[in-house]
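The values are calculated or read from the model by the stated rules, or taken from the named source; none is laboratory data. The shown structure was predicted, so the numbers you read here are calculated from the model rather than taken from an experiment. Positions of Cβ are backbone-derived with ideal geometry, glycine not excepted, and every protein chain shown enters the neighbour counts. Just so you know, the surface numbers come from the protein's heavy atoms only, side chains and all, with ligands and any DNA or RNA stripped out. Shrake-Rupley method; radii C 1.70, N 1.55, O 1.52, S 1.80 Å.
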Amino acid sequence: MSTKKRIYRGIASVLLLFVVCFGLRRVLDGSHEPEKSITIMVFNTVCKVTVYGDVKADKAFQEIIQKMSALHDLINVYAPDSELSRLNATAFQAEWHCSDELWAILCAARKAYAETEGAFDPTVGPLMKLWGFHGKRNTIPTDAEIASALAKVGLDKVVFDDEKHTVRFTREGIALDFGGIAKGYACDVAGEVLRAHGVTTYMIDLGGNIQLSEQPPKGQKLFTVGIRNPMDKEQLQTVLELKGCSVATSGNYERSRVIDGKRIGHIMDPKDGRPGEFHASVTAVTPRGVDSDIFSTAVFVRGEPLARKLVELRPGTSFLIVDEDKTITVP
Ligand code: ADP
Ligand code: MG
């Protein structure tokens, strides 16, 4: 992408971020509480935060807007001056001293890499570029190109210093990409803000990463969350009834592209350097937002065996794996 285009994209995304609208709805049939919501653009996707009951939420909403905006600016790989872009550009030459927030995201990504046996790998940057997700490439990469990109993929090629909070790349061209963790992480940040402001009943939906408060709206036992049919976006696959948890779905139907008539998914298998074609969609339910985001991406890559391992490892975790011919729930 040219510098001009990059700048334009950066400005566009920042402008979008501030297209904020406040909503206030009162359902008068007695079965629902009043609700207030804000809708903001973050990570180039829509984030809607809804709070229920007669609560004052303005301050919490303002803080969420400010924190989401800061997170967006921190890890936006399309803006050359974001901390993540600067880290990516220089961490091979010299160790990068991370800000507290970037360090926290990096540590969450490192833990995810270990727990998912590398299925979740935040160093997929070179593969995303190779398969045309940053700048539009319109040919299928050759085996040699894939091999050369794979030489720059693998979190084991990044050296962490836990004392100094620095990272260093051992290969030139390594690029971190937080696309598979950022939305879940941001949901946790927003949830924390709401609870700190005394909001007990809320739903956060950041581009399909959903967080639900422990307390459902009055008159309801649980929240209802619709899961799309990955084969037909207009239809629901199922409806989940939940509270006090986070839900995320990874599928190839949202952000895929077509090269030579072939659908290219945006979730990469970091082992073979190719887009996963494994499942139609994977939904993860976990206590924390960051985990549902990570685990849905990782199980999309590795499937049921990894899902079984993760539910053992992490209490409160479950999966819905949807394929064309069958649906599996784990456990
Ligand atoms: P979505 O962003 O559509 O909700 P995911 O949460 O599954 O879907 O994240 C996909 C994004 O994560 C990709 O766009 C890319 O930025 C990044 N990514 C792709 N493959 C992997 C992987 N194996 N491990 C970690 N991140 C990945
Ligand atoms: Mg994810």
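Overview of results
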{"quantity": "Subset tally (residues that are within 16 Å of ligand 2 (Cβ to nearest atom) and either of a type in the set (Asp, Glu) or surrounded by fewer than 21 Cβ atoms within 10 Å (Cβ to Cβ) (or both)) for region 253-265", "calculated": "4"}
{"quantity": "Restricting region 217-239 to residues that are free of Cβ contacts under 8 Å to residues at least 60 places away in the same chain and hydrophobic (A, V, I, L, M, F, W, C), the residue that is nearest to ligand 1 (Cβ to nearest atom)", "calculated": "Val225"}
{"quantity": "Region 199-252, residues that are among the polar types (S, T, N, Q) and open to solvent by less than 50 Å² (accessible area, probe 1.4 Å)", "calculated": "Thr201, Asn209, Gln211, Ser213, Asn229, Thr238, Ser246, Thr249, Ser250, Asn252"}
{"quantity": "Test: residue in region 272-283 that is at pLDDT 95 or above, within 26 Å of Lys243 (Cα to Cα) and surrounded by fewer than 20 Cβ atoms within 10 Å (Cβ to Cβ)", "calculated": "no"}
{"quantity": "Residues (within 17 Å of Glu304 (Cβ to Cβ) and among the small types (Gly, Ala, Ser)) located in region 266-280", "calculated": "Gly276, Ala280"}
{"quantity": "Set Glu163, Glu145: member being free of Cβ contacts under 8 Å to residues at least 40 places away in the same chain, open to solvent by 50 Å² or more (accessible area, probe 1.4 Å) and in a loop (DSSP other than H, G, I, E, B)", "calculated": "Glu163"}
{"quantity": "Options Thr166, Thr200, Thr170; residue that is more than 28 Å from Ala94 (Cα to Cα), modelled with pLDDT of 95 or more, among the polar types (S, T, N, Q) and over 17 Å from the mean Cα position of the chain (by Cα)", "calculated": "Thr200"}
{"quantity": "Single residue of region 112-142 satisfying the filter (among the β-branched types (Val, Ile, Thr) and surrounded by fewer than 19 Cβ atoms within 10 Å (Cβ to Cβ)) that is nearest to Lys271 (Cα to Cα)", "calculated": "Thr142"}
